[in-house]
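Undergrad: Sharing a structure, written as structure tokens. Questions coming.
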Amino acid sequence: MPRVVYWNPRRKLGSGRVTARIHVGPRVNNFGDLLGPEIVARIARSRGLEERPELRRILTVGSILHLARPGDVVWGSGANVKEPAPIPRDLDVRAVRGPLTAARLREGGNRSSEVFGDPALLLPHLWTDDELGIVRGSGGTVLVPNLHDRHRFPPTALSPRGPALEKVRQIASADSVIASSLHGIVVAEAFGVPAVLVAASTEPAFKYEDYYAGTGRALPVAASDWRAALDTPPAPPLRGWDAAALLEAFPDDLWSTSAAQTP
């Protein structure tokens, strides 16, 4: 299939001093960033799509537009205001995470799209609960820190690192979710689990506001920490967001049609 671009660098191990030896460690494996390849492969299989000889790149889940190259296809990605790298021109934009990203694309000279939504919202449309091992309402309150917020959550919190669909199972099985991880929020809301946003320690509000605006809602007031979140009402549930539009915007044309469907 087309190459799916996603963020998963290797960790640097060492003191960082000039005289110190820096070792390249294992990949970060932040679960939200791993969802893109899973989702793209699932849709392609379900539609019987086969690769074209020319291999193009597609950017999907995550704040990864700074990784794009001219000519890349964008389906549901977001801008990252922490990155100094500019978003390149000449992108083939089919959908974006939200209107803030759309505005950034237009400011940079790209045509954007009015189809909004994080592709992780499609998870329950692509897998059944049984396939993922989800047992609704069995997991209690699940805490999901942002990758850089582990120190602000108790040791019992769900690590954001690890196999993407296993993390989805745990989040979707929860009674409620408290998260500074954006995809902790997105996955919870996709499965109808009430979710409370905790202010992240290192992440600007941009990507959270972009996600909520892309689903027709204002950015909720974030709890200061996970304890305060226990007494904070969740954001209003998803209502009126159109999963069909995001699915219809999927770039089938990057693949050939299935041989079984070809006359």
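Undergrad: Amide H of A235: which non-local residues (sequence gap of 5 or more, or other chain) have their own amide H closer than 5 Å, using H built in the peptide plane?
TA: Hits under the 5 Å cutoff: A195, L197.
Undergrad: Still on this model: Placing unit charges on C-beta atoms (Lys and Arg positive, Asp and Glu negative, everything else neutral), compute the dipole magnitude of the chain about its Cα centre in debye, rounded to 20. List each step's numbers first, then the result.
TA: Details: 31 positive and 28 negative charges, 217 e Å.
In debye, rounded to 20, the chain gives about 1040.
Undergrad: Which percentage, to the nearest 5, of the DSSP beta bridges contained in the chain is antiparallel?
TA: 25
Undergrad: Using the alpha carbons of the stretch 141-263, what is the convex hull volume per residue in cubic angstrom, as a whole number?
TA: Normalising the Cα hull of the stretch 141-263 by residue number yields 141 Å³.
Undergrad: Provide, in order from the shortest bin, the percent of all Cα-Cα pairs of the stretch 99-183 in each 5 Å bin, continuing until the bin that contains the maximum pair distance.
TA: 3, 13, 19, 18, 15, 12, 11, 7, 3, 0
Undergrad: Per the 1.4 Å probe, what fraction of the accessible area of the chain, in percent, lies on carbon and sulfur atoms?
TA: C and S atoms contribute 51 percent here.
Undergrad: Can you give me the long-range amide H partners of R27? Hydrogens built in the peptide plane at 1.01 Å from N, cutoff under 5 Å, separation of 5 or more residues or another chain.
TA: R11
Undergrad: Right, next: Hey, could you pull the Cα Rg and Dmax for the stretch 156-215, both in Å?
TA: Reported Rg and Dmax, both Å: 11.3, 31.
Undergrad: Let me have the 222 nm mean residue ellipticity of the chain computed from DSSP H runs of 4+ only, each contributing -39500 (n - 2.57), with the sum over all residues rounded to the nearest 500. Provide the component values of the computation, followed by the final result.
TA: Working: 9 runs with 70 residues, N = 263.
Dividing the helical sum by the residues of the chain leaves -7000 deg cm²/dmol.
Undergrad: Taking the Cα centre as origin and putting +1 on Lys and Arg beta-carbons and -1 on Asp and Glu beta-carbons, what dipole magnitude results for the stretch 48-102, to the nearest 20 debye? Before the final figure, lay out the partial values.
TA: Values: 8 positive and 7 negative charges, 38 e Å.
Dipole size: approximately 180 debye.
Undergrad: Can you name the helices of the chain, as whole DSSP H runs, whose Cα span along the helix axis is 20 Å or more and whose Kyte-Doolittle mean is not below 0.0?
TA: Helices passing the filter in the chain: 31-46.
Undergrad: If you don't mind, another one. Which one, [x] 18.5, 55; [y] 18.6, 65; [z] 19.6, 56, gives Rg and Dmax of the Cα atoms in Å as derived from the coordinates shown?
TA: Checked against the structure: label [y].
Undergrad: Calculate, in nm to one decimal, what D175 and R47 gain on full extension: separation in residues at 0.36 nm each, minus their alpha carbon distance.
TA: Working: separation 128, 0.36 × 128 = 46.08 nm, distance 3.29 nm.
Between D175 and R47, full extension yields 42.8 nm more.
Undergrad: Now a separate question. Pop out the ³J(HN,Hα) list for the stretch 141-157 in order, Karplus 6.51 cos²θ - 1.76 cosθ + 1.60 with θ = phi - 60°, rounded to Hz; leave Gly and Pro as x.
TA: Rounded to whole hertz, the list is 8, 10, 9, 10, x, 4, 3, 9, 10, 4, 5, 9, 10, x, x, 7, 5.
Undergrad: Enter the accessible area per residue of the chain (Å², integer; probe 1.4 Å; all protein chains in place).
TA: Each residue of the chain exposes 47 Å² on average to a 1.4 Å probe.
The values are calculated or read from the model by the stated rules, or taken from the named source; none is laboratory data. This one's a predicted model, so the numbers in the text were calculated from it and none came from an experiment. Methodologically, a virtual Cβ is constructed for each residue, glycine included, from the backbone with ideal geometry; neighbour enumeration extends over all protein chains shown. For the accessible areas, the whole protein counts, side chains as well, though only heavy atoms, and no ligand, DNA or RNA atoms are used. Shrake-Rupley method; radii C 1.70, N 1.55, O 1.52, S 1.80 Å.
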